[in-house]
Amino acid sequence: MIIPVINVIATIFTPFFQGGTLNPGVVRGVILALFCIWFILTRAKFNFITNSTYIFLVYLFLLCLFSESFITSFYIYNKVFVASLLLPLSLFFVSSEKRFTYFIRSCLISLFLLELNFIISNILGIGFATYQDESILFGESGVNITKYMVIFIMILPFYLKYEQIKTYRVLGIILLIIGLIIVILGMKRSAILAISAGFILYALFTPYKSRMIRIIPFAAVLVVLSGPYYIPIIIKRFESREQKVSMTYEQLQDNEDEGRLLEVQYTMNQTFDDSFERIFIGYNLFMKKPFSGHMRMLHIDYMNMLGGAGLIGLSIFIFIYYKIWSVAKKIKKRLYYSTFQREIYATIVALIGVQIFMSIGGTMQGLDLRGTILLILGALLGLSLQNLKKEVQTHE
């Protein structure tokens, strides 16, 4: 129930420690890895939802054995291992509505801590400037923390309908507004694209479309009234971001950050111009690959899988999310009369949409982003299965 909070605390405080030292991130990784191993040995069961996850992890482990540097590949594999297992973990442990309530409130606390970290960082001047703009600080974790916030923001519309305590709902609304402003201030493209795609998908599938339409005028008034406090900052940061981003092909090749835009082209060329084994199995999982005369780590999840695990690994990686969507859709059809279940489905689709865009920026190197999304998806599926079980028992 408290894994979201543990992850957030590790994310906030790890950058305060020097690399290679014992830090909250290492402690968190060891604790969760041991917990996952205990789960596999004592609790894990193969089922139609988790089978693909276990196959994926076994396949990647075998590829680590054939890597030129087993230690390098296995180090990142351990993060993928923990993040991937958070799906079956939450599916198993969030086995009642009471546990789901504890879990989603834990997510609310996590978002509160992230926003509090942003506020304190700006009051105390902690962190560093981004895009040559010193007006806003995002703590020692940097602007990438906005991508983490997007995940928790994305479940707030569902939380506001699920939560029974009015005080918590009011807190949720406040955190939603503050979170959206922080994400926009961050000017992180992957975060803005992810949250935009998530809300569009949510709006398409939620059964509360009329309620959303009624909220728009109030939201517009709030934006207009509060705009003078943050819009000038947004404009300034946009201009700084525009000056920082390189756009020519030659600049993209030389710029480590923007160079990932060429990653698809390089990886596709290297993969499909190589041997049959490398096309389907890949090589040197999670290790740097040669790009234009230098070695470069693959950032995009899809290219990371294609280049390191081949078409087989990429297919299983995508199939995990397809299976989650497929099961959620079947439950929604079975409980077609349930507005609540359709709302769960809308949230699941929105989170998968967020993952699709997050994967462009990269989520395989850590367990915060992908792990949190899978953790929440597992909890939502667990709640859905409980609803389906009640339906079956009612008609028996």
Go through region 36-54 residue by residue and tally those that are surrounded by 11 or more Cβ atoms within 10 Å (Cβ to Cβ), among the aliphatic types (A, V, I, L, M) and at pLDDT 90 or above. 2
Could you pull out the residue among K330, K390, K323 that is without any contact (Cβ under 8 Å) to a residue 12 or more places away in the chain and under 24 Å from N51 (Cβ atoms)? K330
So which pairs qualify, if the first residue must be in region 136-165 and among the hydroxyl-bearing types (S, T, Y), the second must be assigned to a loop (DSSP other than H, G, I, E, B), the Cβ gap must be under 6 Å, and the two must be at least 6 apart or on different chains? T146/K188; Y148/D368
For region 290-314, give me the residue count where each residue is more than 21 Å from S190 (Cβ to Cβ), assigned to a strand (DSSP E or B) and either among the hydrophobic types (A, V, I, L, M, F, W, C) or without any contact (Cβ under 8 Å) to a residue 12 or more places away in the chain (or both). 2
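In region 133-189, how many residues are part of a helix (DSSP H, G or I) and over 22 Å from I12 (Cβ atoms)?
Of all residues in region 133-189, those part of a helix (DSSP H, G or I) come to 145-154, 156-162, 166-186, 189.
Checking which are over 22 Å from I12 (Cβ atoms) leaves us with 157-158, 160-162, 166-170, 173, 189.
Residues in region 133-189 being part of a helix (DSSP H, G or I) and over 22 Å from I12 (Cβ atoms): 12 in total.
Any idea how many residues of region 332-366 are farther than 22 Å from L193 by Cβ, in contact with a Phe, Trp or Tyr (Cβ under 9 Å, 6 or more places away or on another chain) and aliphatic (A, V, I, L, M)? Give the derivation first.
To start, the set of residues in region 332-366 that are farther than 22 Å from L193 by Cβ comprises 332-345.
Okay, now just the ones that are also in contact with a Phe, Trp or Tyr (Cβ under 9 Å, 6 or more places away or on another chain), so 332, 339-340, 342-345.
Keeping just the survivors that are aliphatic (A, V, I, L, M) gives 344.
The qualifying residues number 1.
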Complete set of residues in region 329-353 that are closer than 19 Å to K161 by Cα and of a type in the set (A, V, I, L, M, F, W, C): L335, F340, I344, A346, I348, V349, A350, L351
One residue from I318, I360, I373 being assigned to a helix (DSSP H, G or I) and at pLDDT below 90: I360
In region 38-81, which residues are part of a loop (DSSP other than H, G, I, E, B), of a type in the set (F, W, Y) and within 26 Å of F93 (Cα to Cα)? F46, F48
If the Cβ limit is 9 Å and pairs must be 6+ apart or interchain, which residue in region 254-275 that is under 20 Å from T363 (Cβ atoms) pairs with which residue that is at pLDDT below 80 and among the β-branched types (V, I, T)? D257/V245; E258/V245
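Is it true that I104 is touching a helix residue (DSSP H, G or I) at 6+ places or on another chain (Cβ under 7 Å), part of a loop (DSSP other than H, G, I, E, B) and not small (G, A, S)? Quick ask: steps written out before the conclusion?
On the way: touching a helix residue (DSSP H, G or I) at 6+ places or on another chain (Cβ under 7 Å): yes; part of a loop (DSSP other than H, G, I, E, B): no; not small (G, A, S): yes.
Spelling it out, it is not the case that I104 is touching a helix residue (DSSP H, G or I) at 6+ places or on another chain (Cβ under 7 Å), part of a loop (DSSP other than H, G, I, E, B) and not small (G, A, S).
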Every listed condition ((1) at pLDDT 90 or above; (2) within 22 Å of the chain's Cα centre (by Cα); (3) more than 30 Å from T42 (Cβ to Cβ); (4) surrounded by fewer than 23 Cβ atoms within 10 Å (Cβ to Cβ)) holds for Y77 save (3)
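So, S135, is that one in contact with a Phe, Trp or Tyr (Cβ under 9 Å, 6 or more places away or on another chain) and of a type in the set (S, T, N, Q) or not?
Values: in contact with a Phe, Trp or Tyr (Cβ under 9 Å, 6 or more places away or on another chain): no; of a type in the set (S, T, N, Q): yes.
No; evaluated as a whole, the condition is false for this residue.
Among the residues of region 333-365, count how many are small (G, A, S) and surrounded by fewer than 20 Cβ atoms within 10 Å (Cβ to Cβ).
Step one: of region 333-365, the residues small (G, A, S) are 338, 346, 350, 353, 359, 361-362.
Now restrict to residues that are surrounded by fewer than 20 Cβ atoms within 10 Å (Cβ to Cβ): 338, 361.
Counting residues in region 333-365 that are small (G, A, S) and surrounded by fewer than 20 Cβ atoms within 10 Å (Cβ to Cβ) gives 2.
Go through P15, P88, P4 for me and flag whichever is in contact (Cβ under 8 Å) with a residue 12 or more places away in the chain, under 20 Å from the mean Cα position of the chain (by Cα) and farther than 18 Å from I373 by Cα. So that I can check it myself, show each step before the final result.
Details: P88 fails: farther than 18 Å from I373 by Cα; P4 fails: farther than 18 Å from I373 by Cα.
Going through P15, P88, P4 in turn, the sole match is P15.
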Yes/no for F118 being of a type in the set (A, V, I, L, M, F, W, C), under 18 Å from L369 (Cβ atoms), part of a helix (DSSP H, G or I) and in contact with a strand residue (DSSP E or B) (Cβ under 7 Å, 6 or more places away or on another chain): yes
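The values are calculated or read from the model by the stated rules, or taken from the named source; none is laboratory data. Fair warning: this is a prediction, and the values are worked out from it, not measured in the lab. Virtual Cβ from ideal backbone geometry, glycine too; neighbours counted across all protein chains shown.
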